[in-house]
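The values are calculated or read from the model by the stated rules, or taken from the named source; none is laboratory data. The shown structure was predicted, so the numbers you read here are calculated from the model rather than taken from an experiment. FYI the Cβ positions are ideal-geometry reconstructions off the backbone, even for glycines, and counts take in every protein chain you see. Surface areas here come from the heavy atoms of the whole protein model, side chains and all, with no ligands, DNA or RNA. Shrake-Rupley method; radii C 1.70, N 1.55, O 1.52, S 1.80 Å.
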Amino acid sequence: MEKNDEKNTTKEKSKSKVIIITFIVLAIIFVVACFGSYYFFRGNNLGNIVDDGAQEQNILETAENIISNETNLLETNNVTSEEENTANTNTAKNTNTTNTTNTSSNTSKATSTTKNTNTANTTSNNSKNTNTTTNNSKNTNTTTNNNKNTNTTSNNNKNTNTNNNKNSNTAKVTKTGTDESKELTKSETKYGVKINTYTIKRYDVYSDGSKKETSSYTTTEYDRTGYKASTSELLPEARSLKSSNSSSINDVLKYVNQYRKEANEKQIDGVTDRKDLTLDSNLTVAACARAVEIAYAKKFSHTRPDGRTCFTILDDMNIGYNASGENISSGRSTAKAVSEGWKNSSGHYANMINKNYGKIGIGVIKLQGTYYWVQLFTN
């Protein structure tokens, strides 16, 4: 309605200009007529009258040209006004269309908000910036403000990322349990016994799936089901043990002879003339061989792993005897401890103070952390 009123007002102004110009032309014609009458009544000659008439004709033509130019100008103004109105109408339509488009864009982006909050915020800001760009041609100040808003949006994004990083760093890794690995590092067979050495590693397990090694150690496992060894196969190790354990062997000998003296003083069994035992080399090798087969077969008995009696070791080594005895022990780590243990056992103590024995062989071996001890007595 406002645009129609503007169009009517323009037309009224154009009509007023036409009336004014017409009035001016008529006034000019009137003045020309007055001058013509004046010269006519003064009796000027016909030539002057003709000249005046020509001048009058020129004046009239000039007036007509002015009127024609004004009329064209008015028509041009009307056309321009109509084009401007049409352009305004189109602009209005375009503006409405733009608003509609923005509305559609905002609606579409609002739908995606339910899926991703960060993306929705960024998209919404972009829509606002697009609307602002439409107004940039009209208002420079608004554009400056919009640029500030854009910077604010960027800062918001940075804050969001910072928060996400903080949340990520805040998540604590906790211990959820333990784990253990077992790796075979060595395997061998000795006396028919399978000997496997393993490296054991222990770990703490954490909630992020990682593991941290806390300790490691080696262990040796013996499969004795296949044990089989002859006396001759045992002798090399027996001789080595005799040499490496000579100190402990001599300490045991010392305690045994001490017990024999005490027994004489106490007249145990009515005997006072017991002599000290002599450490025999071959008998000691035999005692060490017995210690080896007891440890590897893990058969703690006076019967050998092959089922024969313990004294067959003497026969195998061609050791002669008329009287013989054997003491065995396991678990005690020192000569004093094992000697006292035997002393506190009547049967073992009787062997140590028996007046019929003049020789002793002492054997010892440590296997899998356990000490195995053997005493062999002969006359």
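Observations on the structure shown:
- Matching option when the condition is open to solvent by 70 Å² or more (accessible area, probe 1.4 Å), acidic (Asp, Glu) and farther than 24 Å from Tyr349 by Cβ, among Glu213, Glu265: Glu213
- Single condition Tyr255 does not satisfy, out of (1) without any contact (Cβ under 8 Å) to a residue 60 or more places away in the chain; (2) not in a loop (DSSP other than H, G, I, E, B): (1)
- Flag for Asp179 being on the phi < 0 side of the Ramachandran plot and not in a helix (DSSP H, G or I): yes
- In this entry, Tyr371 passes the filter for residues that are of a type in the set (Ser, Thr, Tyr), open to solvent by 20 Å² or more (accessible area, probe 1.4 Å) and within 60 Å of the chain's Cα centre (by Cα).
- Scanning segment 214-258 for residues that are farther than 24 Å from Thr334 by Cα and either of a type in the set (A, V, I, L, M, F, W, C) or touching a Lys or Arg at 6+ places or on another chain (Cβ under 6 Å) (or both) yields a count of 6.
- Verdict on Asp273 being open to solvent by less than 50 Å² (accessible area, probe 1.4 Å) and more than 59 Å from the chain's Cα centre (by Cα): no
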